[in-house]
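Below is one structure, written out as structure tokens, with a few remarks after it.
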Amino acid sequence: MRWIAPVGVGLMLSVQGCTPTCSTTCQHFYEADQCDAPPAGLAREDAIAQCTNVCQDALQQVGPAPDAADPRFNPAVISPPTKSPQITNEREAAAWMDCVWSFEDDVCPSRLGDQYCVRVF
């Protein structure tokens, strides 16, 4: 039974390594070889950096979950266009990451380019 604890810890670490982060989600959103959403008047690297900062700042704030119909996080609805941060707390950040990762690779560029998930910078 001694092997159970190390295996359990290793499994927990490997599961955590697969969880999207602000950084991986922002890269997924903007990188040309991934979803390739066009940055609004910024260099791609700047868009990724600003996106990551906004998302990480939101993760530091406790707050309510967004309404299920909120267009900012609903992958079936176009979000209102904006250049200002649209996520303010940890649950909104999680909902945004879920939205970004909800698309199959073949439709991801067109969906995020059309703003089916809010831009967070």
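Only the coordinates and a few stated rules stand behind these numbers; no lab work does. What you see is a predicted model, and the numbers here were worked out from it, not measured in a lab. Ideal geometry is used to build each Cβ from the backbone, glycine not excepted, and the neighbour counts take in all protein chains shown.
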Q. When the Karplus curve 6.51 cos²θ - 1.76 cosθ + 1.60 is applied with θ = phi - 60°, which whole-Hz ³J(HN,Hα) does each residue of the stretch 51-63 get, with x for Gly and Pro?
A. 4, 4, 4, 4, 5, 5, 5, 5, 5, 7, 10, 7, x
Q. Among all stretches of the chain without exposed trypsin sites (Lys or Arg not before Pro) (DSSP loop, at most 12 other Cβ atoms within 10 Å), which one is longest?
A. 3-82
(Q) What is the angle, in °, between the Cα long axis of helix 90-101 and the longest principal axis of the Cα atoms in the chain? Nearest 10 is fine, range 0 to 90. (A) 80 degrees
Q | Cα centroid separation - the stretch 34-66 against the stretch 73-121, whole Å | A | 10 Å
Q. Can you give the alpha-carbon Rg of the chain over 2.2 N^0.38 Å, where N counts its residues?
A. 1.17
Q: Please give the calculated 222 nm ellipticity per residue for the chain, where each DSSP H segment of at least 4 residues contributes -39500 (n - 2.57) and the sum is spread over every residue; nearest 500 deg cm²/dmol?
A: -14500 deg cm²/dmol
